[in-house]
Amino acid sequence: MAMLGTAKLMPNVPQTEPAATAVSIRNLSVRFGDRNNEFTALSDVSVDIPEGAFVTMLGPSGCGKSTLLRCVADLVHISDGSISVFGRSPQEARESRDFAFVFQDATLLPWRNVLDNVRLPLEVGKHAQTGDHADPHELLAMVGLKGRENALPHELSGGMRQRVAIARALITRPRILLMDEPFGALDEITRDRLNEELLRVWQETGTTILFVTHSIPEAAFLGQNVLMLQAHPGRVKEFMKVDLPFPRSLAVRDTVEFIGVTAHLRRLLEECL
Amino acid sequence: MSHVVSSTTKTGAPPERKIALLDATAGVLVKHMPAISAAVGLVVLWQFVVWFFKIPTFMAPSPVDVAYAFQDNAKILWTNMLPTILEAFLGFVFGNLVAILLAIWFVHSSTAEKAFYPIAVFIKAIPIIALAPILVLIFGNGLAPKIIIAGLICFFPTLVNMVQGLKSASPAMLDLMRVLSASNTEILWKVRLPSSMPFLFAALKIAATSSVMGAIVAEWIGSSFGLGALIIEATYNFRSPLLYATVVIAAVLAVVLFFIVSVIEARMIRWKPAGSH
Ligand SMILES: Nc1ncnc2c1ncn2[C@@H]1O[C@H](COP(=O)(O)OP(=O)(O)OP(=O)(O)O)[C@@H](O)[C@H]1O
Ligand SMILES: [Mg+2]
């Protein structure tokens, strides 16, 4: 994979206070359905995501991880409580392109080639033309797809498509990356490689990342912090720090410390059930 | 003079290109060999049956009779084909255009959909042939009623398919566009319309053949021109070879329209839907 200069990918983050809060969630509740048939997906969730942090989210299926992420992205209506993204409402943050979202499947537009898919965020929205952005060719080189600019999505493998989606997310130089099981559908080897690449991108860009996963090793390997959610109703079980030094390489997973972390996470997850 | 110019450019074409063209033609012939042999076989069988059972020409003409009818009636066939082509084409364009615009409106306003979809279904339920006399009474005997009927026949399949196509954009794609703060217009142009294209072309291929049928059926009702009128006239005068020749032309017309739509489709849609891996 081609390495890349860091300078051009740095988001325009004012480098004032180092530990500012990127996302602040206060007493968040989300209910679906109508009055007679109400379902509480999230109840009284409060958490602060520091700027520049890599936070992974774990929890049993259906506990509301996606819902929480989608609330931050202004895709789900908040019933109670509040979310602030760099001091603004999710809607304002969305309109000023503070965050980008990576979905479980790549959701590329099948009629656009790789390059045009990566450029899509520059063509739509109020801020389409204004604002500086990363160079799509550079991003494609970074995710190892140099030379495939003209390929159509159906000509790519699943892992390649997901890398295009990541390049598309990075084109606006978002201050926050929201990722909902982005590597969930990939084989283990591809997933490992993309994990390493993602860590590298994170360290090069200083982007805040909120990353949902089902995999305990993935959560431990990527996260500075793990946000564990618990179901019925969805709420915070624990917000814990992962005590493993950066930069991390895949070999870290064979260390005793790593195994200790995953064992602890597994215990917590079992308590959630 | 123009055809002279074109003929000189033809002879001026480099020989390699001619050979490539020959190769391509031969390739197409080989590829469709089974279909071609079957068609030729059926025509020969038809000739044989007519000859063997001594079927009178007014009842069922032999292929040879029909071939002579083409030759003898070339001018009549030609002058009657032109208005039918025009009606079918204009009906195709207007019927589909209205259907597409209506579908876009329905997708953006569920009130509009609830209000007008049932009416569209009702119009569809009226037998077209019963509508023709009404339209002739209103619009007279010119091209207008034929174009309207050809258009009406195209309208409904395209409307249904287009609404479905515009709604076929996956929820994930719409989420993506929302995260990008795309406007409804941007979503329409960048996501909904492109993803509706396979649905639209499926309908256009149906519309291509049925628009010809619509034009011909409309010409049955008191018209003095068009392939439809020619069919009626040939039938009443027992000119069976002419009748058959007219029917062949109508079919060829429909096939050509279908073919044109297919070629445009193949050029426009080179992608495969996201789910087809
Ligand atoms: N639009 C919706 N309408 C009604 N209920 C919903 C909706 N979206 C989510 N839910 C419900 O909210 C709960 C949480 O869903 P969510 O998708 O956030 O879970 P999750 O933690 O992401 O699960 P998974 O790990 O399986 O992806 C589920 O019980 C789900 O049925
Ligand atoms: Mg989920």
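Inverting the mean 1/r over all pairs of different Cα atoms, compute the Kirkwood radius of region B:173-277 and quote it in Å. Walk me through the numbers before you get to the answer.
Numbers: mean 1/r = 0.0589 Å⁻¹.
Hydrodynamic radius (Kirkwood, Cα only) of region B:173-277 equals 17.0 Å.
Taking every residue in A:101-113, how many Cβ atoms of other protein chains lie within 10 Å of its Cβ, on average? Don't jump to the answer; show the numbers that get you there.
Numbers: counts 6, 2, 5, 1, 4, 3, 9, 3, 10, 11, 11, 3, 2.
The mean count of partner-chain Cβ atoms within 10 Å per residue comes to 5.
Please say if the protein assembly as shown is rounded, prolate or oblate, where rounded means a/c under 1.5 for a ≥ b ≥ c the square roots of the C-alpha gyration tensor eigenvalues, and otherwise the choice is prolate for a/b larger than b/c and oblate otherwise?
prolate
Loop only per DSSP, at most 16 neighbouring Cβ atoms within 10 Å: give me the chymotrypsin sites (Phe, Trp or Tyr not before Pro) in region B:32-94, ordered by residue number.
On the way: sites: B:TRP46, B:PHE48, B:TRP51, B:PHE52, B:PHE53, B:PHE58, B:TYR68, B:PHE70, B:TRP78, B:PHE89, B:PHE92, B:PHE94; in loops: B:PHE53, B:PHE58.
Of the chymotrypsin sites (Phe, Trp or Tyr not before Pro), the ones in loops of region B:32-94 whose Cβ has at most 16 other Cβ atoms within 10 Å are B:PHE53, B:PHE58.
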Going by C-beta contacts inside 10 Å, put B:THR235, A:THR213 in order with the fewest on the left.
-> B:THR235, A:THR213
Per-residue [θ]222 nm for chain A (sum of -39500 (n - 2.57) over DSSP H runs n ≥ 4, rounded to 500) = -9500 deg cm²/dmol
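Taking 8 Å as the Cα distance limit and 6 or more residues as the minimum spacing, I'd like the relative contact order of chain A as a percentage.
Working: 520 pairs, mean separation 72.0, N = 273.
The value is 26 percent.
Given an 8 Å cut-off on Cα distances and at least 6 residues of separation, report the relative contact order of chain B as a percent.
Details: 273 pairs, mean separation 66.6, N = 277.
The normalised contact order for chain B reaches 24 percent.
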If each Cα of chain B is one equal point scatterer, what is log10 of I(q)/I(0) from the Debye formula at q = 0.08, 0.13, 0.17 Å⁻¹?
-> -0.50, -1.07, -1.28
When A:ASP180, A:ASP44 are ranked with the fewest other C-beta atoms within 10 Å first, the list becomes A:ASP44, A:ASP180
Max mean-square fluctuation residue, GNM over chain B, Cα-Cα springs under 10 Å, options B:PRO198, B:PRO118, B:PRO145 = B:PRO118
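May I ask you to sort B:SER168, A:SER66 by Cβ crowding, counting other Cβ atoms within 10 Å and putting the fewest first? It would help to have the intermediate numbers written out before the result.
Numbers: B:SER168 15, A:SER66 18.
Arranged by neighbour count, lowest to highest, B:SER168, A:SER66 become B:SER168, A:SER66.
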Would you mind classifying region A:58-126 by shape? Square roots of the alpha carbon gyration tensor eigenvalues, ordered a ≥ b ≥ c; an a/c under 1.5 is rounded, otherwise it is prolate if a/b is larger than b/c and oblate if not.
-> oblate
Once fully extended, how much extra length lies between B:ARG270 and B:TRP220, figured as 0.36 nm per residue of separation less the alpha-carbon to alpha-carbon distance?
-> 13.9 nm
Where Lys and Arg each count +1 and Asp and Glu each count -1, what net charge lies around A:CYS272 among other residues with Cβ under 12 Å from its Cβ?
-> +2
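Dividing the Cα radius of gyration by the Kirkwood radius, what Rg/Rh value follows for region A:159-262?
Details: Rg = 13.9 Å, Rh = 14.6 Å.
The Rg/Rh ratio comes out at 0.95.
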For chain B, calculated [θ]222 nm from helices alone, where every DSSP H run of n ≥ 4 adds -39500 (n - 2.57) = -27000 deg cm²/dmol
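Which whole-number value in Å³ per residue fits the convex hull of the alpha carbons of region B:156-210?
Values: hull volume 3.3 nm³, N = 55.
Looking at region B:156-210, the number lands at 59 Å³ per residue.
Any read-out appearing in this document is the output of simple, stated calculations on the displayed coordinates, not a laboratory observation. Every value quoted in this text rests on a predicted model; they were computed, and no experiment measured them. Cβ sites come from the backbone with ideal geometry, for glycine too, and all protein chains shown count toward neighbours.
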